[in-house]
Amino acid sequence: MKTFLRHVWVVLRYELADAVRSRRVVILLLLYLAGAMLTCNGFISAMHKLETQLADTLALPASSSAGAVTDALWRSKTFRRMVIGLVGNKEIALEILSVPPIAVIYGWLAFTFTPVLVMLSAAGRIAEEVSSGSVRYVLTRTSRPAWCLGKFMGQACEVLLALMLSAIGTWCLARFRMASAGDLETARWMVLYGWKAWIYSLAFIGLALGISQSVRSPYHAMGLGLVVLIVMGVLSVMARHFAGEGWRQLWQIADFIFPINQKMNLWRLQPAYVLNGSLYLVALGMAYLFAGYAVFSKRGG
């Protein structure tokens, strides 16, 4: 067991070193940081423009920074009822409404786009070494399970770093552009959502590497991964719509095999829900990873 863990650690270090050497990690960090900051900046700009127009209509002095009207809207009863209707669960909606608005926006961005970025960055990692033949030299020094698990942990570390950097960068942007986003409480919520999005990403990292073990071309793996994401999203929506009694209970299988359906647990503030969702997502990621390994182990490098 000690030898296995040591091999996993060596593969993990090599994966991170290779990411730095090839500048892949730099590209990943820039994608996460630029995507989060540009999208949040667009949201803040649109919000400020709306607040300025509202101030002109009411003949009120315009504010130099955004956020004042948004904070009032966030606390209004009408807006809360609308959010409860959209979420479909009053308890979850009220928990979300207790969080600063810009942190919720960042959380939504992180949960929505992280699976896509994971597929773009991780789906080709094993397939490219198989296609180049370099995997033959690696597997003479370690076992396939240790190599695959080390790859998984290396990708997980890269995504964690990217999400934490994007959370901090987005907070710094909001701190200068919004009246109410400069406190450390908002920063704490953004980092927390970044952490939760990372836990969510673990299932997709397992899925990406599982697909990567099943094909030989990194481009095919990337394309297949994006297709699988789209299919998962469509089937999850269909499952929520068509699930019911009798044979329609089969749609509930989607709740067990798709990570998308565990996302709502991570939005909760109660630790029991978060822990339950986190453990399930990690287990699902491992299931995806070793489902691909079942294919990978039966063919030559």
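The values are calculated or read from the model by the stated rules, or taken from the named source; none is laboratory data. Please read all numbers here as calculations on a predicted model, not as lab measurements. Here the Cβ positions follow ideal geometry from the backbone for every residue, glycine too, while neighbour counts run over all protein chains shown. When the accessible area is computed, the model is the full protein with side chains, heavy atoms only, and any ligands, DNA or RNA have been set aside. Shrake-Rupley method; radii C 1.70, N 1.55, O 1.52, S 1.80 Å.
Full extension of the chain between residue 137 and residue 295 yields a length gain of 54.9 nm, computed as 0.36 nm times the residue separation minus the alpha carbon distance. 3J(HN,Hα) along the range 100-111: x, x, 5, 5, 5, 4, 4, x, 4, 4, 5, 5 Hz, from the Karplus curve 6.51 cos²θ - 1.76 cosθ + 1.60 with θ = phi - 60°, whole Hz, x for Gly and Pro. Looking at the range 2-296, the accessible area is 51 square angstrom per residue; that uses a 1.4 Å probe and ignores ligands, DNA and RNA. Here the contact order of the chain, divided by its residue count and restricted to Cα pairs under 8 Å and six or more residues apart, works out to 24 percent.
Go ahead and estimate [θ] at 222 nm for the chain from helices alone: -39,500 (n - 2.57) per DSSP H run with n ≥ 4, summed, over the residue count, rounded to 500. Computed ellipticity for the chain at 222 nm equals -27000 deg cm²/dmol.
Which shape class applies to the range 161-301: rounded if a/c is under 1.5, otherwise prolate when a/b exceeds b/c and oblate if not, where a ≥ b ≥ c are the square roots of the Cα gyration tensor eigenvalues? It is oblate, given that a/c is not under 1.5 and a/b is not larger than b/c. Counting heavy atoms of the protein chains alone, residue 4 has an accessible area of about 70 Å² for a 1.4 Å probe. Within the range 107-194, the trypsin sites (Lys or Arg not before Pro) that combine a DSSP coil assignment with at most 12 other C-beta atoms in a 10 angstrom radius are 141.
Figure legend: label point modelled 7 angstrom from the Cα of residue 175 along Cα→Cβ; residues of the range 186-210 with amide N under 19 Å from it are 186-195. To the nearest 10, the accessible area of residue 28 is 10 Å² with a 1.4 Å probe. Label separation (residue 81 vs residue 235): 3.9 nm, computed from points 7 Å beyond Cα along the C-beta direction. A straight Cα-to-Cα reach below 19 Å connects residue 196 with the lysines 263, residues fewer than 8 places away in its own chain not being considered.
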